[in-house]
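These notes are about the structure you will find just below.
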Amino acid sequence: MKRLMPAAVALLVLVAILPAIPGDKAKAIYEKGQDAEAREHFEEAYNFYKQAYDLKPKDLRYKSSFERLRFKAAATIVHQGQKLREDGKLQEALADFQKAALIDPSLFIAQQELKRTLQMINEKENPPPQAAGPPGSLRRKISEAGGPVELAPISVVPITVKLTEDSKVIYQTIGQLAGINVLFDPDYTSRRIKVELNGVTLEDALQITALESKTFWRPVTSNTIFVAQDNPAKRKELEQSVLKTFYLQNLSQPTELQDVVNAIRAVLDVQRVQQLLSQNALVVRGTPDQIALAEKLVEDLDKARPEVIVDIAVLQVSKDKSRTLGLSPPTSATVTLQSNINTTTPTTSTGSTTTTSTSSGTGLELNTLGNLNATDFQVTIPSANLSAVMGDTDTKMLQNPQVRALDNQKATLKIGERVPVATGSFQPGIGGVGINPLVNTQFQYLDVGVNIDVTPHVHADREVTLKITMEISSVVGQSSIGGISQPIIGQKKIEHEIRLKDGESSLIGGILDDSQTRSLAGIPGLAQIPILGYLFGQKSTDHSQDETVFAITPHIIRGTTLSELNQRAIDIGTANSIELRHISRPAAPASPAPANQTPVTQPPANQNPNQQPTAAPGTQGIANFLFDPGEITVAKGNTFVVNLLISGAQNVYSVPVQLNYDPAKLQLVNISNGGFLSQDGQAVALVHREEDNTGTLQITATRPPGASGVSGQGAVVTMTFQAKASGQTPLTITRGGARDPGQQAIAVNGAQASVTVQ
């Protein structure tokens, strides 16, 4: 016992450390993965296979299982994320898409769904502006109708104008309000028109005037437009031409490029389009609006084709049961003569001598018939066989190939052999005398095995239409035809077209062969006796079943990505002229300063910068105008912005004011709403009049009719000037004040700013 104790302890230690051996541990984990896969828990199975592969990376069995489950696990997680997103759980869906993309980077739909979910989260947290458009001048034309030459920022404050004047006067009036220059074509013939603009933007005012006067305009510089009569000849002469090359990233076939060219020519009436197959590009020349729309069409049509992986399961189950039971009795007997029969001839006497002749052989003389007895015959009876045999065969075969195909593209999978089949023969005419020409036989090779043809079509609602032809064939025998052995091919084939959801499995066909055979052999009559018949006969039964099932499961690995811009309808003008329209957007009101806070502004030029503005003596409580900034230094040719502020105002409805400056040194570029009068979201009508000769600027900012007044402090208007000449000039409020909703005057102290042009 003492000798056995150390051995027992060593055995226990060995048993304890055996599970820690990497090979055994990897095998145990791999078996857990097999169990999880059998339960269709693909994500769990993938994790187990990955752990086993990490432990033994050189084992091909672990590697193949790990790689095989990668796609199924990622696809399962993508489906879970899509369901979470449909339920509004964006963050949980985002985590699933990130996990799927990490597991299988080649699963493009995981990347697409990840980007789409991030965009949804961003839009939910930061709603985009009403008319936000993509970056880039031409791309921005799609959403804001800009062009290669764009006007400087124009005030979009709604205005109300009612005029019955010459069209040139109306254009010039709108130009002054917008702070832009208006040029006219020398051949332009103006006419008197009536324009009523109620609460429209300045850009809309230009478009409406062009429509009423049957004219068109185009920007020449950032602050100048050119107006001409609207006719095809003038448009062709004056409209800009833009050249752009579009490089297509997804379409490559000549027919696909030609489809895009045809769409641009037919829809946009652009004739100068050239396709370059070597560069997979299109060169287009047209107006800025046509080029912008051509870019939209290219972006709409140049989409990556969806891709689908189709899991195909071919299940074949064969069962064959046979039974043979009973006694096979002899059913015949054979009686033959013995081969050693002696034949004795009669005795003859000659004198005193008597002779008897004896002969042997297979022959039989008539004289010996009377001497035959039972020993001269041999009876042969076949043996009887007792059989008790049973056979039970169960065969299962599973073939699970995967086919990856592009949208509307046929994919073919063939697994098996190519069997030659004779299709004809011919005899060349080259034989001579005594020479038989050889006969040549022509053969055709047939694909025998599993043959699959799949053509998928991906729909926008994550559904797939599959047109499938599946065939299982095998050589079941041989047949001699014309002296040539020909194979007999058994075939099971199905042609099907079905529409499934992404990840949905379906049985598209089941083929069942069921045959039963019964046979009875034995003594007539006796073999048919119940139970006892087994002693006089043999009964055999054979039952065979052969079932083939086809199951398919489509998985979308790359879907179609459509943006909001791809699906949005765009106003492109009339049937005679293609042009884009601007989206009217109200001006965003400036955030007013709190009523109890002193505005951050520079004091007038004659006031100490560190001193807060105060009312004049004897005018305690009177509001004040201020310029922000109060001292301005600008280089010649540049522009600068100055705000006209009001502080200490109460119940202000409108602000009429008159400013003076040196027109030789400054030129007004633009005036826009500052936000004080629109602090509660009300629209503000802004009207100004400029006298270039005297440098007098009259501005009136008014709240809408029926609106109450506002109080506090803030910017009334924002003015943009351009420095024309060097020197110093004051910017002075010479007259003005404020009015309440009852049109009663409100006194406001004036202000002055100093502008130095270098």
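The values are calculated or read from the model by the stated rules, or taken from the named source; none is laboratory data. Quantities reported herein were computed from a predicted structural model and do not represent experimental measurements. Glycine gets a Cβ as well: all are built from the backbone with ideal geometry, and neighbour counts include every protein chain shown. Side chains included, ligands, DNA and RNA excluded: accessible areas come from the protein's heavy atoms. Shrake-Rupley method; radii C 1.70, N 1.55, O 1.52, S 1.80 Å.
Among the residues of the range 224-236, which ones are outside any strand (DSSP E or B) and touching a helix residue (DSSP H, G or I) at 6+ places or on another chain (Cβ under 9 Å)?
Scanning the range 224-236 gives a single hit, Asp230.
Would you check which residues across the range 743-756 are touching a residue at least 24 places away in the same chain (Cβ under 8 Å) and either within 16 Å of Pro656 (Cβ to Cβ) or buried (at least 22 other Cβ atoms within 10 Å of the Cβ) (or both) and list them?
Gln743, Ile746, Ala747, Val748, Asn749, Gly750, Ala751, Ala753, Val755
At least 1 residues that are at pLDDT 75 or above in each: list the strands (runs of 3 or more DSSP E) lying fully within the range 337-431 that qualify. Talk me through it step by step, then tell me what you get.
On the way: elements: 342-344, 348-350, 353-355, 358-360, 377-380, 385-399, 402-406, 411-426.
Correct list: 377-380, 385-399, 402-406, 411-426.
Quick one: in the range 526-573, which of the residues that are touching a Phe, Trp or Tyr at 6+ places or on another chain (Cβ under 8 Å) and assigned to a helix (DSSP H, G or I) is least open to solvent (accessible area, probe 1.4 Å)?
Checking each candidate, the answer is Ala527.
Assess whether Phe71 counts as being assigned to a helix (DSSP H, G or I), in contact with a Ser or Thr (Cβ under 7 Å, 6 or more places away or on another chain) and either closer than 22 Å to Val308 by Cα or modelled with pLDDT under 90 (or both).
When the stated conditions are applied, Phe71 does not pass them.
Of everything in the range 245-271, what is touching a residue at least 60 places away in the same chain (Cβ under 8 Å) and hydrophobic (A, V, I, L, M, F, W, C)? Give them in sequence order.
Leu268
In the range 702-717, which residue that is assigned to a strand (DSSP E or B) and hydroxyl-bearing (Ser, Thr, Tyr) is most open to solvent (accessible area, probe 1.4 Å)?
Ser711
Name the residue, out of Val78, Val15, that is part of a helix (DSSP H, G or I), of a type outside the set (D, E, K, R) and at pLDDT below 85.
Matching residue, one of Val78, Val15: Val15.
Would you mention how many residues in the range 296-331 are open to solvent by 30 Å² or more (accessible area, probe 1.4 Å), more than 30 Å from Lys539 (Cβ to Cβ), in contact with a helix residue (DSSP H, G or I) (Cβ under 9 Å, 6 or more places away or on another chain) and touching a residue at least 40 places away in the same chain (Cβ under 8 Å)?
Of the residues in that region, 5 qualify.
Considering only residues that are touching a Ser or Thr at 6+ places or on another chain (Cβ under 8 Å) and part of a loop (DSSP other than H, G, I, E, B), which ones fall in the range 680-701?
Val684
Six or more apart or on different chains, Cβ atoms under 8 Å: show the pairs whose first residue is in the range 76-93 and open to solvent by 80 Å² or more (accessible area, probe 1.4 Å) and whose second is small (Gly, Ala, Ser) and at pLDDT 90 or above.
Close Cβ pairs satisfying both conditions: Glu92/Gly81.
In the range 636-668, which residues are closer than 30 Å to Gln682 by Cβ, among the hydrophobic types (A, V, I, L, M, F, W, C) and open to solvent by 40 Å² or more (accessible area, probe 1.4 Å)?
Hit for the range 636-668 is Val641, nothing else.
Could you go through the range 682-696 and let me know if any residue there is without any contact (Cβ under 8 Å) to a residue 60 or more places away in the chain and within 49 Å of the chain's Cα centre (by Cα).
So in the range 682-696, the residues without any contact (Cβ under 8 Å) to a residue 60 or more places away in the chain come out as 682, 691-696.
Add one more test, that the residue is within 49 Å of the chain's Cα centre (by Cα), and what stays is 682.
Among the residues of the range 682-696, at least one is without any contact (Cβ under 8 Å) to a residue 60 or more places away in the chain and within 49 Å of the chain's Cα centre (by Cα), which makes the answer yes.
From the list Gln728, Gln679, Gln743, exactly one residue is on the phi > 0 side of the Ramachandran plot and not small (Gly, Ala, Ser). Which is it?
Gln743 is the lone residue from the list that is on the phi > 0 side of the Ramachandran plot and not small (Gly, Ala, Ser).
Output yes when any residue across the range 124-139 is at pLDDT below 65, touching a strand residue (DSSP E or B) at 6+ places or on another chain (Cβ under 9 Å) and buried (at least 19 other Cβ atoms within 10 Å of the Cβ), and no when none is.
The answer is yes, given that some residue of the range 124-139 is at pLDDT below 65, touching a strand residue (DSSP E or B) at 6+ places or on another chain (Cβ under 9 Å) and buried (at least 19 other Cβ atoms within 10 Å of the Cβ).
Pull up the range 723-742, narrow it to residues that are among the hydroxyl-bearing types (Ser, Thr, Tyr) and closer than 18 Å to Asn624 by Cβ, then point me to the one that is surrounded by the most Cβ atoms within 10 Å (Cβ to Cβ).
Thr732
Does Thr720 satisfy the condition of being modelled with pLDDT of 85 or more, in contact with an Asp or Glu (Cβ under 9 Å, 6 or more places away or on another chain) and either crowded, with 19+ Cβ neighbours inside 10 Å or under 21 Å from Pro629 (Cα atoms) (or both)?
no
Are any residues in the range 691-701 at negative phi and buried (at least 18 other Cβ atoms within 10 Å of the Cβ), and if so, which ones?
Correct list: Leu697, Ile699, Ala701.
Looking only at residues that are free of Cβ contacts under 8 Å to residues at least 12 places away in the same chain and polar (S, T, N, Q) in the range 272-294, which one is farthest from Glu237 (Cα to Cα)?
Selected residue: Ser278.
Say we look at the range 500-525 and pick out the residues that are closer than 22 Å to Leu386 by Cβ and in contact (Cβ under 8 Å) with a residue 12 or more places away in the chain; which of these is least open to solvent (accessible area, probe 1.4 Å)? Please lay out each step first, then the result.
Kept after step one, since they are closer than 22 Å to Leu386 by Cβ, are these residues of the range 500-525: 517-525.
In the following step, the residues that additionally are in contact (Cβ under 8 Å) with a residue 12 or more places away in the chain were identified as 517-523.
On the way: Thr517: 82, Arg518: 206, Ser519: 64, Leu520: 89, Ala521: 58, Gly522: 33, Ile523: 50 Å².
The residue in question is Gly522.
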